[in-house]
Amino acid sequence: MTEKVAADIYLDNNATGAVARECLEAMLACLRPGVGNPSSRHAAGMRAKGLLQEARGEVAALLGARPPEIVFTSCGTEANHMAILGALARDPQRTHIVTSTVEHPSTLMLLRHLEETGIRVSRVPVDTEGRLDPDAVRAALAPDTALVTLMWANNETGVLFPIARIAEATRAAGVPFHVDAVQAAGRVPIDLTQVPVELLSLSGHKLHAPPGAGVLFVRKGFRIAPLLWGHQERRMRGGIENLPAIVGLGSACALAREDLETQARRVCGLRDDLERGIMACFPAARIHGAGAPRLPNTSNVGFATLDGEQIMDALDRHGVAVSLGAACALGGSEPSHVLTAMGLERRSALASIRFSLGRYNTQACVERVLTLLPGILGEVAARAA
Ligand code: PLP
């Protein structure tokens, strides 16, 4: 196997982000002796509990939630599963779930499994820009709907769903609403005092915290059964808390809240420059979801009929990390289910690259990619000819 150049231009922040220095320092402090199990009564335990509660407060502040509404999990996938399985367990008569065609595999794969056990799933389609119509979600509700589960921002295209409008509809119908905000949290403002969802997931490693900590927000007064039983997390999630990762997550939420709008504006400027540059050097390119409201950091670009995998590998050889749609789809030759749901044909979907920017990218990163791209696209085109 040929040695790869370490990526010095990392444009795959929707897969995961570098751990922020602030998070690392906070985590190291709680890995030193003197910090115990947060469930212990002695001083070391109380110190751990204090750190846990501090982190809970930071997550709550980022979301406009109350600290007791924050349940720590191991990752976004666990939070999504806890929401879906917990909502289904509330009432055995309610066996119907509403979702979309473009959810993350952590949701889609669980729902596919649940269908085999007799649960009915309605998948509301998106349009060619990846937009979801709130009226179509409302129309999919049935008397036995246990839950509506939808993402706030799509991980492949960055397209944002109109969560506030959908939440009004679900509230009016008395149906619980779970939002997968794994890609949205820390990138666009979220204020749960204004958006009446019952459940919301996020994941630390998308926010420059390390992997190992996620969150399920559970609105006060809304009860769901845990996935893991135990006394921790107010009996909502058993098992010892991953304190270092949770402290990292708390610190990442504080960092995100500090400069959310400034970062969003800066990163969006870089993303727009990248898209303009790509269109200038390859006019046949198409930005998927460009007609919809999008995350400021994500650009999913179709390079006509060129092979996306070859473009990605060539960028990688030059030290630029990007992704082919979802990271989880890496290595597979199947086209992205998100792009297919937006009406793209197999060949166009396979010609697509996801650039996802973040806090540590600069104008120089964008310029370097734009310098490399014409040569790479020319080589890939020549190989196809
Ligand atoms: N939901 C979305 C939208 C995601 O993008 C991801 C990860 O890529 C997840 C859920 C799963 O999160 P985790 O990797 O923390 O399990």
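The values are calculated or read from the model by the stated rules, or taken from the named source; none is laboratory data. The structure displayed is predicted, hence computed values, not measured ones. Note that we place each Cβ from the backbone using ideal geometry, even for glycine, and neighbour counts take in every protein chain shown.
Among the residues making up the range 341-374, those that are assigned to a helix (DSSP H, G or I) and surrounded by fewer than 17 Cβ atoms within 10 Å (Cβ to Cβ) are Arg346, Arg347, Gln363, Ala364, Glu367, Arg368, Leu370, Thr371, Pro374. Looking across Leu200, Leu228, one residue alone is within 15 Å of the chain's Cα centre (by Cα) and over 30 Å from Ile9 (Cβ atoms). It is Leu200. Screening Arg66, Arg32 for residues that are farther than 24 Å from Leu228 by Cβ, surrounded by fewer than 19 Cβ atoms within 10 Å (Cβ to Cβ) and basic (Lys, Arg) leaves exactly one candidate, Arg32. Within the set Thr170, Thr107, the sole residue that is surrounded by 24 or more Cβ atoms within 10 Å (Cβ to Cβ), among the hydroxyl-bearing types (Ser, Thr, Tyr) and more than 16 Å from the ligand (Cβ to nearest atom) turns out to be Thr170. The set of residues from the range 179-194 being buried (at least 24 other Cβ atoms within 10 Å of the Cβ) and not in a loop (DSSP other than H, G, I, E, B) comprises Val179, Asp180, Ala185.
Has the range 75-84 got any residue that is surrounded by fewer than 18 Cβ atoms within 10 Å (Cβ to Cβ) and either in the same structural domain as Leu227 (by the TED database) or within 12 Å of the ligand (Cβ to nearest atom) (or both)? No, because not a single residue in the range 75-84 is surrounded by fewer than 18 Cβ atoms within 10 Å (Cβ to Cβ) and either in the same structural domain as Leu227 (by the TED database) or within 12 Å of the ligand (Cβ to nearest atom) (or both).
Look at Glu156 and say whether it is within 30 Å of Glu22 (Cβ to Cβ) and either crowded, with 24+ Cβ neighbours inside 10 Å or of a type in the set (Asp, Glu) (or both). Here the answer is yes, as Glu156 does meet what is asked.
Can you confirm whether the range 18-26 contains a residue that is within 16 Å of the ligand (Cβ to nearest atom), surrounded by 21 or more Cβ atoms within 10 Å (Cβ to Cβ) and either of a type in the set (Asp, Glu) or touching a residue at least 12 places away in the same chain (Cβ under 8 Å) (or both)? So far as the range 18-26 goes, yes, one or more of its residues are within 16 Å of the ligand (Cβ to nearest atom), surrounded by 21 or more Cβ atoms within 10 Å (Cβ to Cβ) and either of a type in the set (Asp, Glu) or touching a residue at least 12 places away in the same chain (Cβ under 8 Å) (or both).
Does Ile240 fit the bill of being farther than 23 Å from Ile119 by Cβ, within 16 Å of the ligand (Cβ to nearest atom) and touching a helix residue (DSSP H, G or I) at 6+ places or on another chain (Cβ under 8 Å)? Taking the combined requirement at face value, the residue does not satisfy it. In the set Ala87, Ala20, Ala48, only one residue is in contact with a Leu (Cβ under 8 Å, 6 or more places away or on another chain) and within 25 Å of Ala136 (Cβ to Cβ); that residue is Ala87. Among the residues making up the range 82-111, those that are over 20 Å from Arg237 (Cα atoms) and within 20 Å of the chain's Cα centre (by Cα) are Val98, Thr99, Ser100, Thr101, Val102, Glu103, His104, Pro105, Leu108, Met109, Leu111.
State whether one or more residues within the range 120-130 are within 15 Å of the ligand (Cβ to nearest atom), aliphatic (A, V, I, L, M) and under 20 Å from the mean Cα position of the chain (by Cα).
yes
Screening Val215 with (1) free of Cβ contacts under 8 Å to residues at least 60 places away in the same chain; (2) over 17 Å from Ala164 (Cβ atoms) gives one miss only, at (1).
Candidates in the range 87-104 are the residues that are among the polar types (S, T, N, Q) and more than 16 Å from the ligand (Cβ to nearest atom); of these, the one that is surrounded by the most Cβ atoms within 10 Å (Cβ to Cβ) is Thr95.
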